[in-house]
1. Under the 0.36 nm per residue contour assumption, what length would be gained going from the current alpha-carbon distance of THR242 and LYS285 to full extension?
2. Starting from 0.36 nm per residue, how many nanometres of slack lie between ALA182 and LYS147 once their C-alpha separation is accounted for?
3. Which helices of the chain meet both criteria: a Cα extent of 27 Å or more along the helical axis and a mean Kyte-Doolittle score no lower than -1.0, with helices taken as whole DSSP H segments?
4. For the range 20-294, calculate the relative contact order in percent as a whole number, restricting contacts to Cα pairs under 8 Å that are 6 or more residues apart.
5. What does the helix-only formula give at 222 nm for the chain: each DSSP H stretch with n ≥ 4 adding -39500 (n - 2.57), the total divided by the residues, and the result rounded to the nearest 500 deg cm²/dmol?
6. Report the full-extension gain for the segment VAL68 to TRP298: residue separation times 0.36 nm, less the Cα-Cα distance, to one decimal in nm.
7. By DSSP, what percent of the beta bridges with both residues in the chain are antiparallel, rounded to the nearest 5?
8. Which value results for Rg/Rh of the range 20-294 when Rg is the Cα radius of gyration and Rh the Kirkwood radius based on the inverse mean 1/r?
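Where a number appears in this text, it was derived from the coordinates with a stated rule and is not lab data. All figures in this text were calculated on a predicted structure; none of them were measured in a lab. Note that we place each Cβ from the backbone using ideal geometry, even for glycine, and neighbour counts take in every protein chain shown.
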Amino acid sequence: MPKMKSIRSLIAKQWSSDVRLDGKTAIVTGANSGIGKETAKDLAKRGAHVVLACRDMGKAERAVADIVREVEGASVVAKKLDLADTKSICEFAENIYNTEKSLHFLINNAGVALCPYTTTSDGFEMHFGVNHLGHFFLTFLLLDLLKHSAPSRVITVSSVTHPMGKINFEDVSNEKRYFPMAAYTQSKLANILFTQELARRVEDFGITVYAVDPGVVNTEIFRHMSWSLQLFMKTFSFFLKTPEEGAYTSLYCAVTPDFPSGGYYRNCAPAACSRAANDDRTACKLWALSCHLLGIRWR
């Protein structure tokens with residue numbers, strides 16, 4: 001068993017910090033379970049007011065009840081957000097401006113993985129539409145509040161699988177040929193490209209931006225995998241990170257002071273991303289395409 005523990009320590013780096021966030025406000029998307037819930041709980045422990053932005057309000061309210069029960073004095077609320085529907089994103093943003101005076105942390109955590117071919121309410125392929133465009137649009141709508149609250153941070157959850165991704169500008173919704181893994185890794189590559197381009201565009205406003213790889217975490221996100229792969233993951237679940245461990249790097253980027261904006265982080269440390277993820281021309285082209293698809297102007 002000691003040998004197994006040493007292997008696990010390499011997979012899930014332990015991390016802790018006593019930084020307080022009293023008076024700060026955070027939004028965590030997809031916070032009703034898994035990494036998002038653990039991220040929200042930790043932020044609440046630090047004294048932050050946390051908005052759980054979730055599609056399933058029943059699960060969200062249960063998550064709020066869990067956090068309030070576990071964290072004395074927790075200030076947490078649940079609000080409806082469906083990242084697969086731009087109308088819902090607009091309604092969520094309007095609600096935030098009407099109810100919150102500040103926003104110091106936007107944690108773009110929600111995501112879908114390896115699902116069958118489906119489209120969002122606006123006709124975008126689900127992985128690209130939720131994982132990238134949904135968070136792109138949400139960040140755009142909340143930018144004024146992030147500027148007003150500066151210094152503020154935007155943290156977007158990517159994946160260790162992003163090097164497998166390629167932005168298919170000719171068929172970004174994978175309509176001609178659909179492979180779930182290709183669609184997923186494209187969206188995770190897009191998360192990093194978005195982070196790097198966003199960092200350049202908001203550097204003068206006191207907003208810092210980071211992309212993180214949480215590791216391979218034992219959550220519900222891979223529920224669409226084949227039964228054989230699900231069985232494999234259950235069998236070797238000891239080697240997977242827990243949701244709490246998966247939240248560490250997002251939290252590290254939220255509370256660690258003064259490191260460069262636009263970076264990619266893994267296991268609570270700077271990490272190298274793929275060559276494609278460092279391509280400024282691709283990032284700029286993806287930015288322009290995203291604005292076109294969403295019908296917005298974001299200079």
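1. 11.9 nm
2. Contour length minus the Cα-Cα distance gives 9.1 nm.
3. Helices meeting the span and hydropathy rule in the chain are 180-202.
4. After rounding, I find 18 percent.
5. So the calculated ellipticity at 222 nm is -13500 deg cm²/dmol.
6. 79.0 nm
7. Rounded to the nearest five, the antiparallel share is 10 percent.
8. Rounded to two decimals, Rg over Rh is 0.94.
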